[in-house]
Every structure is written in C-alpha cells, then in structure tokens.
Amino acid sequence: MAQGTFGTAINCIDGRTQEPVAAWVKANAHVDFVDTVTVPGPDQALTHATPERLDTLRKMVEISVNAHGSEMIAVAGHYDCAAFPADRAQHVAAIRDAVAVVRGWGLPVRVVGLWVNEQWQIEQVV
Ligand SMILES: [Zn+2]
C-alpha cells in the first residue's frame, strides 16, 4: 500500500477544474493525495459511454481504490465544459446519474457529486 491517504476524482480533462476539485477532496475526505481519472465531460460520459469505455473508467477507479485505499470518489461536472455544453441544472442532473453509475460499481467507498461553478468553486450536489 502506498504511503499517505488517498481520494479519487473522476474529473474533466479541463485544466481549470483540477486544482479546485483536488483541494475539495483533500479537505473534505481528509486525505493527502487525490488520484484523478480524467475524461472530457465526465458527468455525461459516465451515463453515455459504451460498455467498453465504461469498463475502462471503472478499472482506472478500481486501481485507486484497491491499490491506494481511496476513501472517497468524487464525480465532478463543471461550468463552461467544452465536452458537455449544458446549463447548471442539466449538469447537476447528469452528475446525479453519474454518481448512481459509480455507486453501482459496488466499491466500498463514499461517492459524492461535485459541481464546479462559474467562480471555479465547488458545490457538493450529491
Ligand atoms: Zn469539461
């Protein structure tokens, strides 16, 4: 097992979202490090991916949980997402659905949903 405590973020590739999401997970899961699986528009991708792509995402998250003992998985959607242009309400609905998908993986970890707003601040929505 790696030294230190870990959380996991399923986040967009968008560079504007990395630091706020990682900081939120560190502060709220009380962990030292945040493993990050990135995919464009993850809130939409998790509910629209092909089974093969979804399996790839699940396997990446499982490495974080199984090898690093991750204590929280955060699924993030964000304002001004190039991969999933939608308003806040649509993103929040997608984040809820995406969290349900990740919870369905049956990992022994708390799963939360985060919205990164137009101020690049985090709102926990699930
Ligand atoms: Zn994005």
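Each reported figure results from applying straightforward, stated rules to the coordinates on display, with no laboratory input. Values in this document were obtained by computation on a predicted structure and should not be read as measured data. Cβ atoms come from the backbone with ideal geometry, glycine included; neighbour counts cover every protein chain shown.
Within segment 12-35, residues that are within 19 Å of His91 (Cβ to Cβ) have Cβ atoms under 6 Å from residues that are of a type outside the set (A, V, I, L, M, F, W, C) in these pairs: Cys12/Pro42; Cys12/His78; Ile13/Thr38; Ile13/Pro40; Thr17/Asn11; Thr17/His78; Val21/Asn11; Val25/Gly7, counting only partners at least 6 apart in sequence or on another chain. Residues that are without any contact (Cβ under 8 Å) to a residue 24 or more places away in the chain and assigned to a strand (DSSP E or B) within segment 82-123 comprise just one, Glu123. Residues of segment 60-75 that are out of contact with any helix residue (DSSP H, G or I) (no Cβ under 8 Å at 6 or more places or on another chain) and either free of Cβ contacts under 8 Å to residues at least 60 places away in the same chain or buried (at least 17 other Cβ atoms within 10 Å of the Cβ) (or both): Met60, Glu62, Ile63, Ser64, Val65, Asn66, His68.
Only residues that are more than 13 Å from the ligand (Cβ to nearest atom) and surrounded by fewer than 24 Cβ atoms within 10 Å (Cβ to Cβ) were counted across segment 1-19, and they come to 7. Note on segment 43-89: among residues that are charged (D, E, K, R) and within 18 Å of Ala9 (Cα to Cα), the one that is nearest to the ligand (Cβ to nearest atom) is Asp43. Given the options Val37, Val25, Val92, name the one that is away from the ligand (no atom under 16 Å from the Cβ) and among the aliphatic types (A, V, I, L, M). The conditions single out Val25.
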